[in-house]
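Okay, so here's the structure we're looking at.
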Amino acid sequence: PRVVVGFAAETQELERNALAKLRDKNLDLVAGNDVAAPGLGFNSEENALQVYSASGRRDIPRGPKAVVARALLALVAERLA
């Protein structure tokens, strides 16, 4: 089994753009983050994600990037179970 995950680093219309990637690239999950948000994303030690799938959205709250990454991996593991 596999889970195909895409990423959407967006500065505006995060949900719309992430859902378009999910559909257009036939992904299982797309992890979106607002790189325009102060203190998140690039050049920061913290991040937060909105993870979209065909069944809805799950939010990973703001935190250290390693913690956010583990939470994303946990969502992937759920899909593999």
>> Could you tell me how many of the residues in the range 7-25 are open to solvent by less than 40 Å² (accessible area, probe 1.4 Å), under 15 Å from L72 (Cβ atoms) and part of a strand (DSSP E or B)?
In response: 1
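Among A31, A37, A48, which is modelled with pLDDT of 95 or more, of a type outside the set (S, T, N, Q) and more than 17 Å from R79 (Cβ to Cβ)?
On the way: A31 fails: more than 17 Å from R79 (Cβ to Cβ); A37 fails: modelled with pLDDT of 95 or more.
Selected residue: A48, the only one of A31, A37, A48 that is modelled with pLDDT of 95 or more, of a type outside the set (S, T, N, Q) and more than 17 Å from R79 (Cβ to Cβ).
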> Within the range 26-34, can one find any residue that is out of contact with any His (no Cβ under 7 Å at 6 or more places or on another chain), in a strand (DSSP E or B), small (G, A, S) and surrounded by fewer than 14 Cβ atoms within 10 Å (Cβ to Cβ)?
Replying inline: no
>> Anything in the range 58-80 that is free of Cβ contacts under 8 Å to residues at least 40 places away in the same chain, among the charged types (D, E, K, R) and under 25 Å from D24 (Cα atoms)? List them, or say none.
In response: R58, D59, E78
> Restricting attention to the range 35-56, and to residues there that are assigned to a strand (DSSP E or B) and free of Cβ contacts under 8 Å to residues at least 24 places away in the same chain, which single residue is most open to solvent (accessible area, probe 1.4 Å)?
Replying inline: E46
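The values are calculated or read from the model by the stated rules, or taken from the named source; none is laboratory data. Not measured: the values here are computed from a predicted model. Note that each Cβ is placed from the backbone with ideal geometry, even for glycine, and that neighbours are counted across all protein chains shown. Calculation scope for accessible area: heavy atoms of the full protein, side chains included, ligands and nucleic acids excluded. Shrake-Rupley method; radii C 1.70, N 1.55, O 1.52, S 1.80 Å.
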